[in-house]
Amino acid sequence: MAQKQALVLGAGGFIGHHLVHRLKSEGFWVKGVDLKYPEFQETDADVFEITDLRDASEVREIIDQKFDEVYQLAADMGGAGYIFTGENDAAIMHNSAIINLNVLEACRLQGIKHVFYSSSACIYPEYNQMDPENPLCSEDSAYPAAPDSEYGWEKLFSERLYLSYNRNYDMSCSVARFHNIFGPYGTWDGGKEKAPAALCRKIAQAPDGGSIEIWGDGEQTRSFLYISECLDGMTRLLRSGLSGPYNIGSDEIVSINTLARYIMQIAGKEIELRHIEGPLGVRGRTSDNTLIEKDLNWKPSMCLRAGLEQSFKWINEQVKSQK
Ligand code: NAD
């Protein structure tokens, strides 16, 4: 049987880099594409093209064959410190929308049927996420739409774009809404890092008995999915031929203060949490996995703590090697 061919767009990023590794271990021939090489480890891709996906003619050049699987992960994104300040709104909307327009059209022209698109939990309306104990994030609660960031609005637009191509061009693209994916080999400093990585870094850098800053009162809630679980969910979804959108996340909901305490326990440090003003996002959010469990028989298997141990270990090593 001919070797299966996969294309990973955004292969220099956190999830894309791990996905290339996974697809290689499954026996695929893989082309990775990004503006940059992966930051912390060599890529396993057979071919890695440095390409700006905002350029339609470059996109048509790299989508040069009928790949069996295409994963579109490239986006202009970051954690709360990047998405919620308002300073990056125009770039986020323009860059990510044009990438999706270019990629999907080039796939259509190449006769590619299966494209996986990574949307986000950030599409869910703010009005359903005011209660930190009881946020509503079932797939059908997305409308009437009211995301709390332009990042979320762009994701919602692009979800609709992929589903429109399914409807009008006989494609079967799959859309997932990721909820806070974390793990080693992800951004851990510089302003684009997300809460688990930022807290691992702060706790790794703080002396035992010291203190760290937490944005807001720390009672805002979230759930976090370990990277290997995300890869299981996304490959299963693409191969199912189902279009979704489906949540891919964990339903183990914790406050940011609790997240910090878990990491302190892993680090073996007692650290004071100093609450300061900062960009926050919604008050509460977690993944509702009812639909994906029913349709795909998928749900995460690891507890948050187990994933945090892996992440902290890696970030702690990065912090130490910087000194
Ligand atoms: P990431 O930022 O690490 O990876 C995105 C990659 O896209 C980066 O390597 C970046 O260089 C690349 N990219 C950006 N603009 C590009 C361009 N013009 N041309 C080529 N490449 C370009 O993010 P990630 O955490 O790996 O997330 C992957 C996808 O999943 C993104 O679409 C993101 O919005 C979505 N998502 C992620 C999370 C999460 O928790 N990590 C949550 C929800 C949704």
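Each value in this text was obtained by applying a stated rule to the coordinates, not by laboratory testing. All of these numbers come straight from a predicted model, not from anything done at the bench. Counting neighbours? That spans all protein chains shown, and the Cβs are built from the backbone with ideal geometry, glycine included.
In table form, for the structure just shown:
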quantity	calculated
Value of relative contact order over the chain, rounded to a whole percent, pairs C-alpha under 8 Å and six or more apart	18
Folded to 0 to 90 degrees: helix 150-169 orientation relative to the chain principal axis, Cα	20
Long-range Cα-Cα pairs in the chain (distance over 24 Å), rounded percent	53
Within a Gaussian network of the chain (alpha carbon springs, distance under 10 Å), most fluctuating of TYR117, TYR37, TYR143	TYR143
Cross-link partners of LYS202 among lysines (Cα-Cα below 25 Å; sequence separation of 8 or more within a chain)	LYS192, LYS194, LYS269, LYS313, LYS320, LYS323
Hz values of 3J(HN,Hα) by residue in region 17-32 - Karplus curve (6.51, -1.76, 1.60), Gly and Pro given as x	4, 5, 5, 4, 4, 4, 5, 4, 5, 8, x, 6, 8, 10, 9, x
5 angstrom amide H check on HIS275, placed H, neighbours 5+ away	ILE214
Amide proton proximity set for PHE178, modelled H, under 5 Å, gap of 5+	SER119, SER120, ALA121, ILE248
Degrees, to the nearest 10: 227-240 long Cα axis against longest axis of the chain	30
Length-normalised contact order of region 136-229 in % [C-alpha pairs under 8 Å, at least 6 apart]	24
Using a Förster distance of 45 Å, the FRET efficiency for GLU61-GLN265 (Cβ separation, nearest 0.05)	0.35
Where labels lie 7 Å past Cα in the beta-carbon direction, separation of GLU272 and LEU291 in nm	4.6
Degrees between helix 195-205 axis and first principal axis of the chain (Cα, 0 to 90, nearest 10)	50
J(HN,Hα) series, region 300-316, from Karplus relation 6.51 cos²θ - 1.76 cosθ + 1.60, nearest Hz, glycine and proline x	x, 10, 9, 7, 4, 4, 5, x, 5, 4, 5, 5, 4, 4, 5, 5, 4
Which of CYS137, CYS303 has the fewest Cβ neighbours within 10 Å, and the rest in rising order	CYS303, CYS137
Proximal lysines relative to LYS24, as straight alpha-carbon distance under 17 Å, when same-chain residues fewer than 8 apart are discounted	LYS4
Amide H partners (placed H, <5 Å) of GLU49, local residues excluded	GLY32, VAL33, ASP34
Whether region 223-317 is rounded, prolate or oblate, judged on the alpha carbon gyration tensor where a/c under 1.5 counts as rounded	prolate
Efficiency of FRET from Cβ geometry, ASP208 and ALA90, R₀ 45 Å, rounded to 0.05	0.55
